[in-house]
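Peer 1: My structure is below; once you've seen it, I'll send some questions.
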Amino acid sequence: MGTPPRTVHLFIPCFVDQLYPETGEAMVRLLNRAGCEVRYLREQTCCGQPAFNSGYWDEARPLAERWVRLFADAEAVVSPSASCVAMVRRHYGDLGLRGAEGDDYEALRKRVWELSEFLVDELGVTDVGARFPHRVAYHTSCHGYRELGILDQPLALLREVEGIDLVELDDRRACCGFGGTFAAKFGELSAAIGDDKLAAIRRSGAEVVTATDDSCLMHIGGMLRHRREGVRALHYASILAGEEGA
Amino acid sequence: MSGEVIARLERALADVDAALYRVAQENFAGWLTDRVKEWSVHRAALSRDLLVAELGADRALRNAGVQVVTASHEHEPKGAASSWVAEAADAELGITSALGIAAETGTMLLPPHEVEERAVSLLPVRHLCVLREGQVVEDVAALFRLWGERGPVRGNAVLVTGPSRTADIEKELVLGVHGPQAVDVVLVAPQED
Amino acid sequence: MSRAYPTKTLKRAIRRSLAARGEGPLPWKVNTLKALAGRDRHAAEWPDFERRRAHATERRQEALENLDALHARLRERWAENGVTVHEAADAAAAREIILGIARRAGVSSVVKGKSMLGEEIAINAALEEAGIEPVETDLGEYIVQLRGEPPSHITMPGMHLDRRDVGRLFADELGVEYTENPSELTQIARRTLRERFLAAGMGMVGVNFAVAETGHLATVTNEGNGRMVSSLPRVVVALMGWERVTETLDDLALLWQLLARSATGQRATVYLNLTHGPAPGPAGPDEVHVVVVDNGRRRVREDGELSEVLRCIRCGACLNACPVYQQVGGHPYGGTYPGPIGKVVGPALLGLEETPDHPFASTLCGACEEICPVSIPLPKMLLALRRRQVEGRGVFDLERTGWVAFRHTASDRRRWEVTTLLGRGIAGLWPAGVPGWSVRRATPSPAKQPFRARFRDEEAE
């Protein structure tokens, strides 16, 4: 390919760390395959998004400043979660980071990417040599699509997968209903919105639903499992890395 | 006026359930006579637009046995209680001209009149608007510019795009709520010399 | 704002709405999807849709920043045109002014065009108390008025009802023979309301935009009731929000078409009425009054985080696109403005104490901002409102304590690893183990080994 190897720092969201580590592992395999050297800073904990979304900006700010300090010297920071990347790129500015972190942030935010953005836009890679002979429905995670404009990149990567039958859902890229703490605070409403998403998945005839965010997939997958619908929710990194996750 | 623009206008009007007719000036009286039979018109209200007069609408209607009412200052008292408004409300057909019509949307600009004639295009069941082909413009912005070209932009005006409609009941389309149920636009071709 | 449905209990009202569902299709789901399909179709007709949208956004924002200068020009035009101007600082003042006009005119009924602002200032109740009958003339508004309930959508007020509801209503209230045919029902309304139009001494319209360069008051309808109300009665009152000014007719052309395309999927609404002033001649008003209402708008304009909400052109597209609105419709929101715009305007005008749930009843999906013809950043405003909402919470508040603990834990790697190991989740606010989550959702099990333990590589210096 001729793309120079880059050193990539992994930004593994708290819930991926705890609940979906296989997504992180898949990402590592993909980055290695693309010729990148990968680093993981075990000091990372949480980017602060849950506190921020709940209105507790004073609690989120120190976490954001810590995050910036941690990654300040990174050449590239890549994450398998579009919503966390959106938090860093779009909302750390709203928090108003103080001191040196405030200065470092302006430069750092240009070096933070969601995985598909990094592979496609930065490295120019779309074919990762994957094989996945299934019908896969792509759910457009809201933060990635509407805050970061991520749509073509994951689709470009998935289209190259050997044997894949890729479909977009027919629901105008509707929200799945997760919404962070919304899922607990407005549980029935969150599930009602999820019902419509499941109906769209059913209409697509897909065996697998994928997205850029394990948070969406946790919610969609949870509802699918509860209904025993037999459709699996799988992060696209796992599809691309060639291993079928839970 | 380019055929393409007029075709666009026709489509735009069809999309809002309005019809477009192209009638030569010398044929207008006959055309109108056929229409009032088709539409079972007994009474028609006319605006005092020059073009309406030039086309001889008044005579054609009377010859067809239609009762004609035209607004004038003489009707008193003012307002909704005016007998002129009551007469217009009873008419099956109202005929006006317009300042212009936009091809993109099918929108016509009905300018203010010294004698308030909004009732003619509003109250009867059908509204027939006559225009010369040269009065077709591209879009709504062009309509406003045309108005500005005629002088100071003042007075109570209305932009009309097709017949009155609602979808307030189960989103099912119904025409003719408070305003006309049918709108027809006649483009008068230039007179043969 | 209208207090018919209290705004304070949004969360409870949502739960009730979900519990009350029948088996059939939801009217708000069906109707919003139809409106969206129409909007997409007509937006696609403008290849440069995004450019026009950006231009409209810019013009609305400029107008907001120059509002005082634009109002000065409007006042000059209105004086020339013979329009009587009234300033209302708040809802109570607006009601007083309108009642004053009605009393001096000696009218017993007022025919009304659709006006959100009219709802906001609760003018109908005030008129009724004064012995003056307000008659809604927009078909959807007329229907909900007969039913004695508030509208459930900005541009489709009766969208929560079906034809049988309306048929029964007309049979009961108007004494007509039962029919559920929408065309027949509409004809019944047309006849009934036409009598009211022709008899009313006063008409009241909402103003979509006031045009500063000419002084025109623009009112938008599809039914023709706007024209009826503003041209037949002797006295006409135009009710206008302080921020609804645009500079030129050129602006109006764009905003009008964006409104039509975004709201109902039309290229243009059937009528765009431009009221200039009293009209000579047999028909047409003797008196034209405009009531300019503040009711908190000036304060919102000075609020750095919320002021952009004043760009709103009241198209209702955000309602149509909202996953929450699609599930529950407009009534649970209470107040005047439902949907995403209502979740910001409600707190902005009424205060968060009155609307505590509003900022949180959202997944922050951004569909509203995406479809808004004037690009209002609603999700960002909801986040700011959430912050304001929790700012008042004291040290002993359970939720605040939870987040303080979260911050403390996440600020140190060891604390984090121990807590997550022990807690098998994060700070008790994680979906796993929280009651709200397990509504029809399986709970994810924590991985045997978190990522951090599996990945063997260098650690931070």
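Each value in this text was obtained by applying a stated rule to the coordinates, not by laboratory testing. Just so it is clear, the structure is predicted and the values come from calculations on it, not from any experiment. Cβ atoms come from the backbone with ideal geometry, glycine included; neighbour counts cover every protein chain shown.
Peer 1: Quick one: which residues, 5 or more positions from C:ALA210 or on another chain, have an amide H under 5 Å from its amide H? H modelled 1.01 Å from N in the peptide plane, none for Pro or chain starts.
Peer 2: Long-range HN contacts for C:ALA210: C:ALA218, C:VAL245, C:THR246.
Peer 1: Further, regarding this structure: Restricting attention to chain C, give the cysteines that have no other cysteine Cβ less than 4.7 angstrom from their Cβ.
Peer 2: So, C:CYS312, C:CYS315, C:CYS322, C:CYS372.
Peer 1: Got a sec to turn the phi values of the range A:57-66 into Karplus ³J(HN,Hα) couplings, 6.51 cos²θ - 1.76 cosθ + 1.60 with θ = phi - 60°, whole Hz, x for Gly and Pro?
Peer 2: 5, 5, 7, 6, 4, x, 5, 5, 5, 4
Peer 1: Taking amide hydrogens as modeled 1.01 Å from N in the peptide plane, which residues meet the under 5 Å criterion relative to B:VAL183, leaving out close sequence neighbours?
Peer 2: It is B:ALA19, B:HIS127, by chain and number.
Peer 1: A further question follows. Pick out, in residue order, every one of the GluC sites (Glu not before Pro) in the range B:94-159 that is DSSP loop and has at most 16 other C-beta atoms within 10 Å; say none if there are none.
Peer 2: The qualifying sites are B:GLU114, B:GLU138.
Peer 1: Kindly provide the GluC sites (Glu not before Pro) of the range C:296-367 that DSSP labels as loop, not H, G, I, E or B, and whose Cβ sees at most 11 other Cβ atoms within 10 Å. Let's see the in-between values first.
Peer 2: Details: sites: C:GLU302, C:GLU305, C:GLU308, C:GLU353, C:GLU354; in loops: C:GLU302, C:GLU305, C:GLU353, C:GLU354.
The qualifying sites are C:GLU302, C:GLU353.
Peer 1: Still on this structure: Placing +1 at every Lys and Arg Cβ and -1 at every Asp and Glu Cβ, with all other atoms neutral, what dipole size does chain B have around its Cα centre, in debye to the nearest 20?
Peer 2: 220 debye
Peer 1: When ranked by the protection proxy of mean other Cβ atoms within 10 Å per residue, highest first, what sequence do the peptides A:14-21, B:59-66 form?
Peer 2: Averaged packing, sorted descending, gives the order A:14-21, B:59-66.
Peer 1: May I pose another question? From the residues B:LEU50, C:GLY392, B:GLN181, which one has its Cα farthest along the dipole of the protein assembly as shown in the positive direction, the dipole being from +1 and -1 charges on Cβ of Lys/Arg and Asp/Glu about the Cα centre?
Peer 2: Ranked along the dipole, the leading option is C:GLY392.
Peer 1: Around C:GLY277, with a cut-off of 11 angstrom between Cβ atoms, what is the net charge of the other residues, counting Lys and Arg +1 and Asp and Glu -1? Walk me through the numbers before you get to the answer.
Peer 2: Working: positive: B:ARG154, C:ARG77; negative: C:GLU80, C:ASP286, C:GLU287.
Summing Lys and Arg as +1 and Asp and Glu as -1 gives -1.
Peer 1: Can you return the aspartates and glutamates within cross-link range of C:LYS11? Criterion is Cα-Cα under 12 Å, with same-chain partners fewer than 8 residues away left out.
Peer 2: Counting by Cα, and skipping residues close in sequence, C:LYS11 has these aspartates and glutamates nearby: A:GLU188, C:ASP357.
Peer 1: Using modelled amide H (1.01 Å from N, peptide plane; none on Pro or chain starts), what sits under 5 Å from the amide H of A:TRP113, excluding residues fewer than 5 places away?
Peer 2: It is A:VAL77, A:VAL78, A:SER79, by chain and number.
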